[in-house]
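Novice: Quick one: the structure is below, and I'll ask about it shortly.
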Amino acid sequence: MRLSLDDAAWSSRWRTRSTLEKSLLCLGLLLVAATTTSMAVAGLVGACAVGLAALARVPVGVWLRAMLGPAVFVGIGAVTIAVTLGPGDLWSLGPIGVDEGSASRAVLVAARALAATSAMVLLAATTPMVDLLAGLRRARVPEVAVDIAAVTYRMVFALLDAASAIRAAQAGRLGYASGRAARRSVGQLCAAVLVAAWDKARRLEDGLAGRGGVAAVPLVPARAVSTPFVLAASQRLGLGRVVAHEGRGEDAGLDDLAE
């Protein structure tokens, strides 16, 4: 079984760009989104991430599916922020309500979280995991952390393959012919995948111990950093200047980002 986000990273227009360039750009967008207190800036970060994803030719369907899960999680969190105890100015129901202050805080938190998520999805959709792991090793990240990330990455595909094979076998035996059979099959599928995950993790642990704890991640040769790309990315991250000159259409760096 394949992951659409992983396939998008391998076929991205930015596939051959330096991991350092893309990491600086996406982490910079994440930092701006996490520290801003302005809805406008958060919206610009999200719009910038979406625009850059379009330049990198990330499929729209892949982007939307990658954002769906985090968006649902953020929406639930925003609701818990908006709803407070006591009567509210905007909405009330018994002992709870929504006032103007809590609603504005919820919207701001949701906008910041979605903008930050967009930045991380941009990195994941343009940089294969192999390149990220190699970049972490070059950055002198502790080998234990890199090993955990590599093993987790491999386990995802192993468990997806196991789940796909088990589900196909269940479907062949009419395990999803009715609602009751489908619920039973889903429960058996989860139990089987849990057992397979436990066994696979134990065997991977034994294998890593035999290799001295190294996950054998290939160290991809570092690519040359493009100065125009870094300068264009820095210009995009100057969101204060963009807000101040909104409407002037400062697109000087888009050509460098698109290459």
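Novice: Is one or more of the residues making up region 11-33 assigned to a helix (DSSP H, G or I) and of a type in the set (Lys, Arg)?
Specialist: yes
Novice: Which numbered condition in (1) at pLDDT 85 or above; (2) in contact with a helix residue (DSSP H, G or I) (Cβ under 6 Å, 6 or more places away or on another chain) is the only one that Ala158 fails?
Specialist: Looking at each condition in turn, Ala158 falls short on (1).
Residues are listed down the side, and each one gets a yes or a no for (1) open to solvent by 70 Å² or more (accessible area, probe 1.4 Å); (2) of a type outside the set (A, V, I, L, M); (3) out of contact with any His (no Cβ under 6 Å at 6 or more places or on another chain):
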position	(1), (2), (3)
Ala134	no, no, yes
Ser164	no, yes, yes
Ala171	no, no, yes
Ala177	yes, no, yes
Arg184	yes, yes, yes
Val195	yes, no, yes
Arg202	yes, yes, yes
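Novice: All but one of (1) touching a Gly at 6+ places or on another chain (Cβ under 6 Å); (2) open to solvent by 60 Å² or more (accessible area, probe 1.4 Å); (3) not charged (D, E, K, R) hold for Thr152; which doesn't?
Specialist: Evaluating Thr152 over (1) touching a Gly at 6+ places or on another chain (Cβ under 6 Å); (2) open to solvent by 60 Å² or more (accessible area, probe 1.4 Å); (3) not charged (D, E, K, R) leaves (1) as the failure.
Novice: Also, quick follow-up: Could you check region 115-132 and list, in sequence order, the residues that are polar (S, T, N, Q) and either outside any helix (DSSP H, G or I) or surrounded by fewer than 18 Cβ atoms within 10 Å (Cβ to Cβ) (or both)?
Specialist: Thr127
Novice: While we're here: Within region 57-79, take every residue that is free of Cβ contacts under 8 Å to residues at least 24 places away in the same chain and not aromatic (Phe, Trp, Tyr) and give me the one that is least open to solvent (accessible area, probe 1.4 Å).
Specialist: So, considering only residues that are free of Cβ contacts under 8 Å to residues at least 24 places away in the same chain and not aromatic (Phe, Trp, Tyr), the one least open to solvent (accessible area, probe 1.4 Å) is Gly69.
Novice: Can you tell me which residue is farthest from Gly43 (Cα to Cα) among those in region 90-114 that are touching a strand residue (DSSP E or B) at 6+ places or on another chain (Cβ under 8 Å) and in a loop (DSSP other than H, G, I, E, B)?
Specialist: Out of the qualifying residues, it is Pro95.
Novice: Test of understanding: among Val121, Val107, Val151, which residue is in contact (Cβ under 8 Å) with a residue 60 or more places away in the chain, more than 15 Å from the chain's Cα centre (by Cα) and closer than 23 Å to Thr36 by Cα?
Specialist: Criteria check complete, one pass: Val107.
The values are calculated or read from the model by the stated rules, or taken from the named source; none is laboratory data. Treat the numbers as computed from the prediction; the structure is a model and nothing was measured. Here the Cβ is made from the backbone with ideal geometry for all residues, glycine too, and neighbour counts use every protein chain on show. Surface accessibility is based on the protein's heavy atoms, side chains included, excluding ligands, DNA and RNA. Shrake-Rupley method; radii C 1.70, N 1.55, O 1.52, S 1.80 Å.
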